[in-house]
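This report refers to the structure that appears directly beneath it.
The values are calculated or read from the model by the stated rules, or taken from the named source; none is laboratory data. Just so it is clear, the model here is predicted, and its values are computed rather than measured. Heads up, the Cβs are rebuilt from the backbone with ideal geometry, glycines too, and the neighbour counts pull from every protein chain shown.
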Amino acid sequence: MKIQFLGAHNCETATTRLVSILVDDILALDAGGLTSSLPIEAQFKLKAVLLTHHHYDHIRDVPALGMNALFYETSIPVYSTQAVKDALASHWLNGTIYSNFLEKPPESPRIEFTVIEPNKAVTIAGYEVLPVPVNHSAPAVGYQVTSPDRKTLFYTGDTGPGLAEAWPGVSPQLLITEVTAPNRYEAFGYRMLHLTPGLLKAELLAFQKLKGYLPQVFLVHMNPKQEKEIEAEIEQLSDELDTSITLAYEGMIVQL
Ligand SMILES: [Zn+2]
Ligand SMILES: [Zn+2]
């Protein structure tokens, strides 16, 4: 399984992109930095764009994908929960802000949206995709993706404390989760439902207790302004837990 981090941050600048992860060139996890990262041919190779929740930094490129599909007379398959589809339809692809690619053209909408149910696995291009609810300030699911050769990752999307409630349903070899801010922002983490290194530690210890192992961990959604501070705290946590925890970056490729 090839995992390519297209965007790994919660703010966009000339050197950072919003969260998007590409699996084996055909599955995209979140759409914060997809269109700016991928040549047009690669965009049309996607078998699924899997959205975790409706916050801007995760759905940002859905309208752009729709516009590309319009001009190339094709469609893009997007999957998420009903809540995400409703948010896109009412706030964004509503005919005012942008064209309603969810319904146009009626015979083959440019955004070919499939509503998925939490905890119900679907098979996409031979991959088993399991949406698992996570604790965030909008309805959110993480995705466990299992390849045909049984490599398994779990991407949590944005999550706060309480992520451990997702653990019984997943058994990844590789975990992609978020750390948005350093430890001094713990109160913010509880309030806005994001993780700091300290809050992540509690969730990982719960994983280890339940499963008897720790997966290798990659982090996204870092605030670029505080990244050095996060990095130092994560290095310490990685030593403490004796496991590999790595901050992802734009362009990073991991083979599982
Ligand atoms: Zn969010
Ligand atoms: Zn976010």
With the first residue restricted to segment 47-61 and required to be in a loop (DSSP other than H, G, I, E, B), and the second required to be of a type in the set (A, V, I, L, M, F, W, C) and near ligand 1 (Cβ under 8 Å from one of its atoms), Cβ contacts under 7 Å at 6 or more apart or on different chains are Thr52/Ala140; His53/Ala138; His53/Ala140; His54/Ala138; His55/Ala138
Counted residues in segment 1-22 being part of a strand (DSSP E or B), over 11 Å from the mean Cα position of the chain (by Cα) and of a type in the set (Val, Ile, Thr) come to 1
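Can you name every residue in segment 171-215 that is within 16 Å of ligand 2 (Cβ to nearest atom) and charged (D, E, K, R)?
Listed by number, the residues that qualify are Glu178, Arg191.
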1 or more residues under 24 Å from Thr13 (Cβ atoms) and among the acidic types (Asp, Glu): qualifying helices (runs of 4 or more DSSP H) within segment 155-256
227-241
Criterion first (assigned to a loop (DSSP other than H, G, I, E, B), touching a strand residue (DSSP E or B) at 6+ places or on another chain (Cβ under 6 Å) and either within 16 Å of ligand 1 (Cβ to nearest atom) or free of Cβ contacts under 8 Å to residues at least 60 places away in the same chain (or both)) does Leu34 satisfy it?
yes
Among the residues of segment 111-126, which ones are in contact with a strand residue (DSSP E or B) (Cβ under 6 Å, 6 or more places away or on another chain) and in a strand (DSSP E or B)?
Ile111, Glu112, Phe113, Thr114, Val122, Ile124
Here are some residues: Lys201, Lys120, Lys151. Which one is modelled with pLDDT of 95 or more, in contact with a helix residue (DSSP H, G or I) (Cβ under 6 Å, 6 or more places away or on another chain) and not small (Gly, Ala, Ser)?
Lys201
Scan segment 66-102 for residues that are surrounded by fewer than 21 Cβ atoms within 10 Å (Cβ to Cβ), of a type in the set (Phe, Trp, Tyr) and within 23 Å of Pro118 (Cβ to Cβ) and report the count.
1
